[in-house]
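What follows is one structure encoded as structure tokens, with my remarks underneath.
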Amino acid sequence: MGLIAIVNGRLCDPAAPTLSAGTLLVEGDVIKAVGTTDIPSDAETIDAKGMIVAPGIIDLGVFRTDKPAFHFSGITRAALMPDQSPVLDNPGLVQHAARAGKPDFWVHPLGAATRGLDGRELAEMALMKAAGARAIATGRRWIADSGVMLRVLRYAAALDLTVITHAEDDGLAGSAVATDGETASRLGLPGAPACAEAIAIARDITLAREAGARLHLRQVTTQAGFDLVRAAKAEGLPVTCGVSPAHLFLNDSAVSDFRTFARLSPPLRDERDRLAAIAAVADGTVDVLCSGHDPRGPEDKRLPFADAEPGIAGAETLLPLGFNLVREGQIGETRLMALLAANPARLLGLDAGRLIAGAPADVILIDPDVPWIVDSAKMAAAAGNTPFDKLPVQGRARMIMKGGVVR
């Protein structure tokens with residue numbers, strides 16, 4: 001396998017305090033050296049031209065694999081939610097899903113916690129792990145039966161697997177399509193109180209403590225929810241959480257005029273909770289920034305608001321909206337890549353997400369300043385259901401390398 005030297009870039013290792021100058025040397029499918037290093041005479045040279053050299057993004061919790069959208073945003077690995085058709089609840093389906101992205105990107109399936117994601121009977125976690133499942137997930141729904149959830153957590157803990165949950169109490173969320181408040185009332189939309197999230201989080205943290213299990217809350221979106229996660233971390237519990245850019249940069253007023261592209265699960269919250277989400281990113285409470293990528297066509301979105309399916313085509317906007325946090329001074333570039341790469345890798349047990357010798361050569365070049373406009377009609381994704389349509393943004397991936405090969 002040949003040698004590739006990426007020169008004149010700003011190296012962005014998530015474990016470093018800041019960007020640094022240097023060379024990244026790739027041999028075959030692994031990183032050979034980082035920083036000040038001699039460049040072999042037979043190495044192919046890639047001039048980064050001052051761009052950021054970073055590990056490939058690992059998008060934790062996508063609902064669809066989408067090569068064009070992933071490549072546009074620099075996603076080299078995607079953890080696929082079990083909410084597929086059929087549900088990823090057996091080893092054969094998990095093994096098939098794991099092959100889906102080759103050779104262009106890695107797919108890491110998340111095995112269903114229960115058969116059919118119905119919240120009743122445990123799925124074969126051990127067999128799914130052997131087939132390639134990197135974690136166990138409850139899917140789009142919360143497991144209401146606490147006895148079942150405790151068994152899920154205990155079984156996963158015995159297998160050294162993280163359990164990824166959706167945090168909304170179904171008894172409160174029910175058929176709601178928005179968060180209770182002024183916007184939902186004005187539009188006449190069925191809403192659920194924001195405390196549905198905190199109740200679900202409190203229950204799941206309690207059971208995780210009992211089971212000695214690792215718990216990842218895929219999306220936390222309320223101040224009360226973040227406070228519970230902070231308390232669990234302070235206690236030393238292995239509890240982590242994620243958030244999407246939609247919940248960082250939009251509040252529930254975005255659903256005005258019945259804009260179904262802003263119908264999400266969990267739903268958008270009020271401004272107080274949106275600001276709490278940004279504060280939770282800044283203070284380290286949030287571990288993962290995820291896209292929640294779920295491209296849906298007009299048959300799912302061009303409907304009355306209450307009948308439309310929730311979801312966002314989020315892959316293409318994940319990186320530029322993440323850089324908004326950097327430009328606003330909330331976090332630095334290396335912290336952003338921890339949220340996008342290193343932390344998801346750690347939660348999934350992957351040897352990835354870092355710029356260190358011996359790591360897989362999954363590398364992207366990022367131009368953080370290039371301006372572009374989000375256009376739902378021109379997106380690379382399978383569908384353009386984005387609430388950020390016509391938003392001016394900055395930053396995109398200019399090169400993507402997976403396993404030492406430029407894609």
Quick check: is even one residue across region 227-243 touching a Pro at 6+ places or on another chain (Cβ under 7 Å) and either under 30 Å from ALA306 (Cα atoms) or not in a helix (DSSP H, G or I) (or both)?
no
Flagged pairs (Cβ under 6 angstrom, 6 or more apart or on separate chains; first in region 60-81, over 16 Å from LEU365 (Cα atoms) and modelled with pLDDT of 95 or more; second in a helix (DSSP H, G or I) and among the aromatic types (Phe, Trp, Tyr)) are none
In region 79-96, what residues are farther than 24 Å from ALA345 by Cβ and out of contact with any Pro (no Cβ under 7 Å at 6 or more places or on another chain)?
SER85, PRO86, VAL87, ASN90, GLY92
Applying the selection to region 366-394, what residues are part of a strand (DSSP E or B) and buried (at least 23 other Cβ atoms within 10 Å of the Cβ)?
ILE366
Count of region 197-213 residues which are of a type outside the set (Gly, Ala, Ser), free of Cβ contacts under 8 Å to residues at least 60 places away in the same chain and closer than 26 Å to ILE331 by Cα
1
Please work out which residue is farthest from PRO238 (Cα to Cα), limiting yourself to region 176-188 and to residues that are surrounded by fewer than 21 Cβ atoms within 10 Å (Cβ to Cβ) and among the hydrophobic types (A, V, I, L, M, F, W, C).
LEU187
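Residues checked against (1) within 22 Å of GLY139 (Cα to Cα); (2) surrounded by fewer than 21 Cβ atoms within 10 Å (Cβ to Cβ); (3) over 21 Å from the mean Cα position of the chain (by Cα):
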position	(1), (2), (3)
HIS247	yes, no, no
SER253	no, yes, yes
SER256	no, yes, yes
ALA262	yes, no, no
PRO266	yes, no, no
ASP283	no, yes, no
CYS290	yes, no, no
Test ASP204 against the criterion of being of a type in the set (D, E, K, R) and surrounded by 24 or more Cβ atoms within 10 Å (Cβ to Cβ), and give yes or no.
yes
Starting from region 2-20, keep only residues that are farther than 17 Å from ILE46 by Cα, then list their pairs with residues that are charged (D, E, K, R) whose Cβ atoms are within a distance under 7 Å, requiring at least 6 positions of separation or different chains.
ASP13/ARG354; PRO14/ARG354; ALA15/ARG354; LEU19/ARG10; LEU19/GLU333
Here is a list: ARG203, ARG209, ARG141. Which entry is among the basic types (Lys, Arg) and either closer than 26 Å to ARG259 by Cβ or at pLDDT below 95 (or both)?
ARG141
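The values are calculated or read from the model by the stated rules, or taken from the named source; none is laboratory data. Please read these numbers as outputs of a predicted model, since none were measured by experiment. Every residue, glycine among them, receives a Cβ derived from its backbone with ideal geometry; neighbour counts consider all protein chains shown.
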